[in-house]
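The values are calculated or read from the model by the stated rules, or taken from the named source; none is laboratory data. Just so you know, these numbers come straight off a predicted model, no measurement behind them. Here the Cβ positions follow ideal geometry from the backbone for every residue, glycine too, while neighbour counts run over all protein chains shown. Side chains included, ligands, DNA and RNA excluded: accessible areas come from the protein's heavy atoms. Shrake-Rupley method; radii C 1.70, N 1.55, O 1.52, S 1.80 Å.
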Amino acid sequence: MTSQAAPPESPPASVPEPRKRRLPAGTLYRGREGMWSWVLHRITGTAIFFFLLVHILDTSLIRISPEAYDAVIGTYKTPIMGLGEVALVAAIGLHALNGLRIICIDMFSWGPKAQRVMFWVAIGLWIVLLIGFVPRHLMHVFGGE
Amino acid sequence: MSTENIAAPRSPYLSHRKRNRFNIEKWGWIYMRVSGVLLVVLIFGHLFYNLIFPGKVSILDWAFVAGKLANPIWIVWDLLLLWLALIHGANGMRTLINDYAHGRFRTVLLWALGATTAVLLVMGTLVLTTFDPCLGDTDNAELIKICAAQ
Ligand code: HEM
Ligand code: HEM
(Lines give C-alpha, C1' and ligand atoms only; values in the text may rest on other atoms or scores of the structure.)
(Ligands and ions follow the chains in the order given, each with its own letter.)
Protein backbone atom coordinates (compact mmCIF):
# COMPACT_ATOMS: atom_id res chain seq x y z
CA MET A 1 0.00 0.00 0.00
CA THR A 2 2.63 2.49 1.01
CA SER A 3 5.21 1.53 -1.61
CA GLN A 4 2.84 2.10 -4.55
CA ALA A 5 2.01 5.66 -3.68
CA ALA A 6 5.56 6.90 -3.20
CA PRO A 7 5.44 10.70 -2.88
CA PRO A 8 7.32 12.82 -5.44
CA GLU A 9 10.55 14.67 -4.54
CA SER A 10 8.95 17.73 -2.93
CA PRO A 11 5.30 17.05 -2.24
CA PRO A 12 2.82 19.93 -2.06
CA ALA A 13 1.89 20.74 1.50
CA SER A 14 -1.63 19.38 1.03
CA VAL A 15 -0.56 15.78 0.32
CA PRO A 16 -0.71 13.88 3.59
CA GLU A 17 2.18 11.72 4.74
CA PRO A 18 1.66 8.10 3.72
CA ARG A 19 0.39 6.10 6.65
CA LYS A 20 2.79 3.69 8.29
CA ARG A 21 2.01 0.10 7.36
CA ARG A 22 0.44 -1.77 10.20
CA LEU A 23 -1.81 -4.74 10.89
CA PRO A 24 -5.53 -4.27 10.34
CA ALA A 25 -7.20 -2.76 13.40
CA GLY A 26 -8.74 -5.10 15.92
CA THR A 27 -6.73 -8.19 15.10
CA LEU A 28 -6.29 -10.65 17.94
CA TYR A 29 -4.71 -13.75 16.47
CA ARG A 30 -2.46 -12.36 13.71
CA GLY A 31 1.10 -11.44 14.60
CA ARG A 32 2.65 -10.33 17.86
CA GLU A 33 1.42 -11.36 21.32
CA GLY A 34 -1.95 -12.68 20.20
CA MET A 35 -0.43 -15.17 17.78
CA TRP A 36 2.51 -16.28 19.88
CA SER A 37 0.33 -16.90 22.90
CA TRP A 38 -1.87 -19.09 20.71
CA VAL A 39 1.13 -21.08 19.44
CA LEU A 40 2.46 -21.53 22.98
CA HIS A 41 -0.99 -22.55 24.22
CA ARG A 42 -1.19 -25.32 21.62
CA ILE A 43 2.33 -26.64 22.23
CA THR A 44 2.01 -26.66 26.03
CA GLY A 45 -1.49 -28.19 25.92
CA THR A 46 -0.27 -31.04 23.71
CA ALA A 47 2.80 -31.69 25.84
CA ILE A 48 0.73 -31.81 29.05
CA PHE A 49 -1.76 -34.16 27.42
CA PHE A 50 0.92 -36.71 26.56
CA PHE A 51 2.43 -36.40 30.02
CA LEU A 52 -1.00 -37.06 31.53
CA LEU A 53 -1.44 -40.28 29.51
CA VAL A 54 1.83 -41.67 30.88
CA HIS A 55 1.16 -40.27 34.35
CA ILE A 56 -2.17 -42.11 34.72
CA LEU A 57 -0.40 -45.33 33.72
CA ASP A 58 2.46 -44.86 36.20
CA THR A 59 0.04 -43.98 39.01
CA SER A 60 -1.99 -47.13 38.31
CA LEU A 61 0.96 -49.13 39.64
CA ILE A 62 -0.08 -48.15 43.19
CA ARG A 63 -2.86 -50.71 42.75
CA ILE A 64 -0.48 -53.47 41.64
CA SER A 65 2.37 -53.47 44.14
CA PRO A 66 4.36 -51.03 46.27
CA GLU A 67 7.62 -52.36 44.76
CA ALA A 68 6.48 -51.75 41.17
CA TYR A 69 5.34 -48.22 42.00
CA ASP A 70 8.52 -47.34 43.88
CA ALA A 71 10.67 -48.59 40.99
CA VAL A 72 8.88 -46.37 38.48
CA ILE A 73 8.49 -43.28 40.69
CA GLY A 74 12.23 -43.66 41.39
CA THR A 75 12.88 -42.53 37.80
CA TYR A 76 11.20 -39.19 38.67
CA LYS A 77 14.15 -38.49 40.98
CA THR A 78 16.92 -38.72 38.38
CA PRO A 79 18.54 -35.46 37.21
CA ILE A 80 17.19 -35.70 33.65
CA MET A 81 13.64 -36.29 34.87
CA GLY A 82 14.13 -33.52 37.42
CA LEU A 83 14.75 -31.11 34.56
CA GLY A 84 11.75 -32.63 32.77
CA GLU A 85 9.60 -31.79 35.81
CA VAL A 86 10.80 -28.19 35.64
CA ALA A 87 9.77 -28.10 31.98
CA LEU A 88 6.41 -29.64 32.84
CA VAL A 89 5.65 -27.14 35.60
CA ALA A 90 6.76 -24.31 33.31
CA ALA A 91 4.42 -25.60 30.57
CA ILE A 92 1.47 -25.99 32.97
CA GLY A 93 2.09 -22.57 34.46
CA LEU A 94 2.11 -20.89 31.07
CA HIS A 95 -0.93 -22.81 29.79
CA ALA A 96 -2.91 -22.09 32.96
CA LEU A 97 -2.10 -18.36 33.10
CA ASN A 98 -2.68 -17.86 29.40
CA GLY A 99 -5.85 -19.98 29.70
CA LEU A 100 -7.16 -17.53 32.29
CA ARG A 101 -6.25 -14.69 29.91
CA ILE A 102 -8.29 -16.37 27.12
CA ILE A 103 -11.23 -16.74 29.51
CA CYS A 104 -11.03 -13.04 30.44
CA ILE A 105 -10.91 -12.05 26.75
CA ASP A 106 -14.09 -14.04 26.09
CA MET A 107 -16.00 -13.19 29.27
CA PHE A 108 -15.50 -9.49 29.86
CA SER A 109 -16.26 -6.50 27.68
CA TRP A 110 -12.82 -5.03 28.44
CA GLY A 111 -11.13 -8.36 27.65
CA PRO A 112 -10.21 -8.00 23.94
CA LYS A 113 -8.80 -4.49 24.49
CA ALA A 114 -6.64 -5.67 27.39
CA GLN A 115 -5.39 -8.85 25.72
CA ARG A 116 -1.86 -7.57 25.12
CA VAL A 117 -1.47 -6.22 28.64
CA MET A 118 -2.85 -9.46 30.03
CA PHE A 119 -0.31 -11.44 28.03
CA TRP A 120 2.55 -9.61 29.72
CA VAL A 121 0.87 -9.87 33.11
CA ALA A 122 0.67 -13.63 32.56
CA ILE A 123 4.37 -13.74 31.64
CA GLY A 124 5.22 -11.75 34.76
CA LEU A 125 3.25 -14.06 37.05
CA TRP A 126 4.79 -17.04 35.28
CA ILE A 127 8.29 -15.82 36.05
CA VAL A 128 7.36 -15.30 39.71
CA LEU A 129 5.95 -18.84 39.81
CA LEU A 130 9.15 -20.28 38.36
CA ILE A 131 11.37 -18.32 40.74
CA GLY A 132 9.38 -19.84 43.58
CA PHE A 133 9.48 -23.36 42.24
CA VAL A 134 12.67 -24.06 40.28
CA PRO A 135 15.46 -23.47 42.85
CA ARG A 136 13.68 -25.52 45.52
CA HIS A 137 12.89 -28.32 43.14
CA LEU A 138 16.44 -28.51 41.79
CA MET A 139 17.74 -28.66 45.37
CA HIS A 140 15.47 -31.64 45.98
CA VAL A 141 16.64 -33.33 42.80
CA PHE A 142 20.37 -32.60 42.89
CA GLY A 143 20.85 -32.19 46.65
CA GLY A 144 18.80 -35.29 47.34
CA GLU A 145 17.16 -33.46 50.22
CA MET B 1 -33.72 -31.24 -4.85
CA SER B 2 -36.97 -29.71 -5.88
CA THR B 3 -37.81 -26.04 -5.83
CA GLU B 4 -40.00 -26.34 -2.73
CA ASN B 5 -36.84 -26.88 -0.68
CA ILE B 6 -35.38 -23.47 -1.39
CA ALA B 7 -35.83 -21.14 1.56
CA ALA B 8 -37.77 -17.92 1.07
CA PRO B 9 -35.53 -14.96 0.20
CA ARG B 10 -34.11 -13.11 3.18
CA SER B 11 -35.15 -15.76 5.67
CA PRO B 12 -32.63 -15.78 8.53
CA TYR B 13 -29.63 -18.05 8.20
CA LEU B 14 -30.29 -21.65 9.34
CA SER B 15 -33.89 -20.81 10.19
CA HIS B 16 -34.97 -24.11 8.62
CA ARG B 17 -33.05 -25.95 11.33
CA LYS B 18 -34.74 -26.84 14.56
CA ARG B 19 -34.08 -24.12 17.08
CA ASN B 20 -32.51 -24.80 20.44
CA ARG B 21 -30.85 -27.89 19.07
CA PHE B 22 -28.09 -29.21 21.29
CA ASN B 23 -24.90 -27.71 19.89
CA ILE B 24 -21.93 -29.84 20.86
CA GLU B 25 -19.31 -27.32 19.72
CA LYS B 26 -20.84 -24.66 21.93
CA TRP B 27 -20.82 -26.93 24.97
CA GLY B 28 -17.27 -28.01 24.20
CA TRP B 29 -16.27 -24.34 24.14
CA ILE B 30 -17.97 -23.73 27.50
CA TYR B 31 -16.47 -26.90 28.96
CA MET B 32 -12.92 -25.78 28.08
CA ARG B 33 -13.43 -22.57 30.05
CA VAL B 34 -15.25 -23.98 33.09
CA SER B 35 -12.88 -26.93 33.45
CA GLY B 36 -9.91 -24.60 32.92
CA VAL B 37 -10.83 -22.48 35.94
CA LEU B 38 -11.35 -25.56 38.15
CA LEU B 39 -8.13 -27.16 36.90
CA VAL B 40 -6.07 -24.20 38.02
CA VAL B 41 -7.01 -25.04 41.63
CA LEU B 42 -6.86 -28.81 41.22
CA ILE B 43 -3.51 -28.95 39.40
CA PHE B 44 -1.68 -26.36 41.46
CA GLY B 45 -2.99 -28.01 44.63
CA HIS B 46 -1.74 -31.37 43.32
CA LEU B 47 1.67 -30.00 42.40
CA PHE B 48 2.05 -28.07 45.63
CA TYR B 49 1.18 -31.05 47.85
CA ASN B 50 3.37 -33.52 45.94
CA LEU B 51 6.36 -31.35 44.99
CA ILE B 52 6.62 -28.56 47.56
CA PHE B 53 4.81 -29.29 50.83
CA PRO B 54 4.49 -31.76 52.51
CA GLY B 55 5.81 -33.74 49.55
CA LYS B 56 8.90 -33.25 47.45
CA VAL B 57 10.17 -35.29 44.54
CA SER B 58 12.94 -36.99 46.56
CA ILE B 59 10.49 -38.53 49.08
CA LEU B 60 7.70 -39.59 46.72
CA ASP B 61 7.01 -43.31 47.07
CA TRP B 62 4.20 -45.78 47.58
CA ALA B 63 3.99 -45.08 51.33
CA PHE B 64 3.60 -41.35 50.67
CA VAL B 65 0.74 -41.99 48.27
CA ALA B 66 -0.90 -44.48 50.66
CA GLY B 67 -0.81 -41.94 53.46
CA LYS B 68 -2.32 -39.33 51.18
CA LEU B 69 -5.07 -41.49 49.71
CA ALA B 70 -6.09 -42.81 53.14
CA ASN B 71 -7.93 -39.48 53.28
CA PRO B 72 -11.06 -39.65 51.08
CA ILE B 73 -10.82 -35.94 50.30
CA TRP B 74 -7.73 -36.62 48.20
CA ILE B 75 -9.51 -39.47 46.40
CA VAL B 76 -12.29 -37.10 45.39
CA TRP B 77 -9.68 -34.47 44.46
CA ASP B 78 -7.84 -36.94 42.23
CA LEU B 79 -11.07 -38.20 40.63
CA LEU B 80 -12.04 -34.63 39.71
CA LEU B 81 -8.53 -33.97 38.45
CA LEU B 82 -8.56 -37.13 36.35
CA TRP B 83 -11.92 -36.51 34.68
CA LEU B 84 -11.65 -32.76 34.18
CA ALA B 85 -8.03 -32.75 32.94
CA LEU B 86 -8.28 -35.78 30.68
CA ILE B 87 -11.51 -34.66 29.00
CA HIS B 88 -10.18 -31.08 28.68
CA GLY B 89 -6.96 -32.34 27.12
CA ALA B 90 -8.75 -34.82 24.85
CA ASN B 91 -11.19 -32.19 23.64
CA GLY B 92 -8.27 -29.86 22.95
CA MET B 93 -6.46 -32.60 21.03
CA ARG B 94 -9.65 -33.15 19.00
CA THR B 95 -9.41 -29.52 17.90
CA LEU B 96 -5.80 -30.01 16.83
CA ILE B 97 -6.62 -33.21 14.91
CA ASN B 98 -9.44 -31.44 13.10
CA ASP B 99 -7.04 -28.61 12.24
CA TYR B 100 -4.07 -30.61 10.99
CA ALA B 101 -5.24 -34.09 9.88
CA HIS B 102 -7.46 -34.86 6.90
CA GLY B 103 -9.41 -37.72 5.37
CA ARG B 104 -8.99 -41.24 6.67
CA PHE B 105 -6.01 -40.23 8.80
CA ARG B 106 -8.22 -37.85 10.73
CA THR B 107 -10.85 -40.53 11.32
CA VAL B 108 -8.24 -42.97 12.61
CA LEU B 109 -6.70 -40.41 14.94
CA LEU B 110 -10.06 -39.34 16.33
CA TRP B 111 -11.00 -42.93 17.13
CA ALA B 112 -7.61 -43.63 18.70
CA LEU B 113 -7.97 -40.50 20.83
CA GLY B 114 -11.48 -41.45 21.94
CA ALA B 115 -10.51 -45.02 22.78
CA THR B 116 -7.38 -44.01 24.72
CA THR B 117 -9.30 -41.43 26.70
CA ALA B 118 -12.13 -43.83 27.59
CA VAL B 119 -9.75 -46.60 28.68
CA LEU B 120 -7.68 -44.28 30.86
CA LEU B 121 -10.77 -42.71 32.47
CA VAL B 122 -12.09 -46.13 33.46
CA MET B 123 -8.72 -47.43 34.60
CA GLY B 124 -7.81 -44.30 36.57
CA THR B 125 -11.22 -44.32 38.27
CA LEU B 126 -10.86 -47.98 39.25
CA VAL B 127 -7.34 -47.41 40.60
CA LEU B 128 -8.48 -44.53 42.80
CA THR B 129 -11.69 -46.16 44.06
CA THR B 130 -10.30 -49.63 44.79
CA PHE B 131 -6.92 -48.58 46.19
CA ASP B 132 -5.95 -50.32 49.44
CA PRO B 133 -3.55 -48.20 51.51
CA CYS B 134 -2.80 -51.20 53.74
CA LEU B 135 -1.23 -53.21 50.92
CA GLY B 136 2.39 -52.43 51.73
CA ASP B 137 4.79 -51.42 54.49
CA THR B 138 4.74 -47.89 55.78
CA ASP B 139 6.22 -45.91 58.63
CA ASN B 140 3.29 -43.51 58.68
CA ALA B 141 2.03 -43.90 62.29
CA GLU B 142 -1.54 -42.93 61.50
CA LEU B 143 -1.74 -45.38 58.62
CA ILE B 144 -0.40 -48.21 60.78
CA LYS B 145 -3.16 -47.51 63.29
CA ILE B 146 -5.87 -47.45 60.61
CA CYS B 147 -4.63 -50.66 59.02
CA ALA B 148 -4.22 -52.48 62.34
CA ALA B 149 -7.84 -51.68 63.12
CA GLN B 150 -9.04 -53.43 59.98
C1 HEM C 1 -4.32 -25.44 34.44
C2 HEM C 1 -5.50 -25.08 34.03
C3 HEM C 1 -5.88 -24.95 32.58
C4 HEM C 1 -6.49 -23.85 32.03
C5 HEM C 1 -6.88 -22.55 32.74
C6 HEM C 1 -6.71 -24.15 30.63
C7 HEM C 1 -7.36 -23.32 29.75
C8 HEM C 1 -7.63 -23.62 28.44
C9 HEM C 1 -8.54 -22.89 27.59
C10 HEM C 1 -9.38 -21.69 28.00
C11 HEM C 1 -8.51 -23.48 26.37
C12 HEM C 1 -9.37 -23.11 25.15
C13 HEM C 1 -8.65 -22.34 24.11
C14 HEM C 1 -9.58 -21.98 22.98
O15 HEM C 1 -10.72 -22.45 22.93
O16 HEM C 1 -9.13 -21.20 22.13
C17 HEM C 1 -7.56 -24.58 26.42
C18 HEM C 1 -7.21 -25.38 25.37
C19 HEM C 1 -6.44 -26.53 25.46
N20 HEM C 1 -5.97 -27.09 26.64
FE21 HEM C 1 -6.08 -26.25 28.48
N22 HEM C 1 -6.20 -25.41 30.34
C23 HEM C 1 -5.71 -25.95 31.51
C24 HEM C 1 -5.14 -27.21 31.66
C25 HEM C 1 -4.89 -28.10 30.62
C26 HEM C 1 -4.37 -29.46 30.78
C27 HEM C 1 -4.04 -30.14 32.10
C28 HEM C 1 -4.24 -30.00 29.51
C29 HEM C 1 -3.77 -31.37 29.08
C30 HEM C 1 -4.14 -32.49 29.65
C31 HEM C 1 -4.68 -28.98 28.56
C32 HEM C 1 -4.69 -29.13 27.18
C33 HEM C 1 -5.27 -28.25 26.30
C34 HEM C 1 -5.28 -28.42 24.87
C35 HEM C 1 -4.62 -29.56 24.08
C36 HEM C 1 -6.01 -27.33 24.34
C37 HEM C 1 -6.33 -27.03 22.86
C38 HEM C 1 -5.46 -25.92 22.32
C39 HEM C 1 -5.99 -25.29 21.05
O40 HEM C 1 -7.16 -25.55 20.67
O41 HEM C 1 -5.27 -24.50 20.47
N42 HEM C 1 -5.07 -27.85 29.26
N43 HEM C 1 -7.04 -24.65 27.71
C1 HEM D 1 5.97 -33.68 38.16
C2 HEM D 1 4.76 -33.40 38.50
C3 HEM D 1 3.82 -34.39 39.14
C4 HEM D 1 4.07 -35.29 40.15
C5 HEM D 1 5.37 -35.54 40.90
C6 HEM D 1 2.83 -35.98 40.38
C7 HEM D 1 2.66 -37.00 41.33
C8 HEM D 1 1.52 -37.75 41.52
C9 HEM D 1 1.32 -38.72 42.54
C10 HEM D 1 2.35 -39.06 43.63
C11 HEM D 1 0.09 -39.25 42.39
C12 HEM D 1 -0.57 -40.30 43.28
C13 HEM D 1 -1.84 -39.83 43.93
C14 HEM D 1 -1.75 -38.47 44.57
O15 HEM D 1 -0.63 -38.03 44.96
O16 HEM D 1 -2.79 -37.80 44.71
C17 HEM D 1 -0.52 -38.62 41.23
C18 HEM D 1 -1.77 -38.90 40.72
C19 HEM D 1 -2.39 -38.19 39.72
N20 HEM D 1 -1.88 -37.06 39.07
FE21 HEM D 1 -0.04 -36.28 39.32
N22 HEM D 1 1.86 -35.51 39.54
C23 HEM D 1 2.43 -34.54 38.77
C24 HEM D 1 1.80 -33.77 37.80
C25 HEM D 1 0.48 -33.94 37.40
C26 HEM D 1 -0.20 -33.12 36.43
C27 HEM D 1 0.44 -31.94 35.69
C28 HEM D 1 -1.47 -33.59 36.32
C29 HEM D 1 -2.63 -33.08 35.46
C30 HEM D 1 -2.53 -32.69 34.25
C31 HEM D 1 -1.59 -34.72 37.21
C32 HEM D 1 -2.72 -35.51 37.35
C33 HEM D 1 -2.82 -36.62 38.17
C34 HEM D 1 -3.99 -37.50 38.21
C35 HEM D 1 -5.24 -37.36 37.35
C36 HEM D 1 -3.71 -38.49 39.18
C37 HEM D 1 -4.63 -39.66 39.56
C38 HEM D 1 -4.32 -40.81 38.59
C39 HEM D 1 -5.22 -42.00 38.71
O40 HEM D 1 -6.39 -41.92 38.38
O41 HEM D 1 -4.77 -43.08 39.13
N42 HEM D 1 -0.39 -34.89 37.86
N43 HEM D 1 0.38 -37.70 40.73
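Within the assembled protein chains, the solvent-accessible surface assigned to B:ARG94 is about 70 Å², based on a 1.4 Å probe. If a spin label sat at a point 7 angstrom from the Cα of B:LEU135 along the line to its beta carbon, the backbone N atoms of the stretch B:51-75 nearer than 20 Å would be those of B:59-75. For the protein assembly as shown, a crude dipole built from +1 on the beta carbon of Lys and Arg and -1 on the beta carbon of Asp and Glu, taken about the Cα centre, is about 1760 debye to the nearest 20. Only protein heavy atoms count here; under a 1.4 Å probe, B:TRP29 has an accessible surface of about 120 Å². Rounded if a/c is under 1.5, else prolate if a/b beats b/c, else oblate: with a ≥ b ≥ c from the C-alpha gyration tensor eigenvalues square-rooted, which is chain B? Cα axes put chain B in the prolate bin. Computed from Cα positions, the angle between helix B:72-100 and the longest principal axis of chain B comes to roughly 40 degrees.
If you roll a 1.4 angstrom probe over the protein chains with everything in place, what fraction of the accessible area of the protein assembly as shown belongs to carbon and sulfur, to the nearest %? Show your work: numbers first, answer last.
Details: 13240 of 19300 Å².
Of the solvent-accessible surface of the protein assembly as shown, carbon and sulfur hold 69 percent.
Taking only the C-alpha atoms of the stretch A:32-142, Rg followed by Dmax gives 17.3, 55 Å. For A:ARG32 and B:HIS102, the FRET efficiency from 1/(1 + (r/R0)^6), where r spans their Cβ atoms and R0 equals 30 Å, is about 0.55.
Accessible surface ranking for A:SER14, B:SER58, 1.4 angstrom probe, highest first: A:SER14, B:SER58. Amide H contacts of B:ALA101: none lie under 5 Å away among residues 5 or more positions distant or on a separate chain (H built 1.01 Å from N in the peptide plane; Pro and chain starts excluded). Counting only residues at least eight positions apart within a chain, or on another chain, the aspartates and glutamates with an alpha carbon under 18 Å from that of B:LYS68 are A:ASP58, A:GLU67, A:ASP70, B:ASP78, B:ASP132, B:ASP137, B:ASP139, B:GLU142. Placing dummy labels 7 Å off each Cα toward the beta-carbon, the span from B:GLU25 to A:ALA71 is 4.9 nm.
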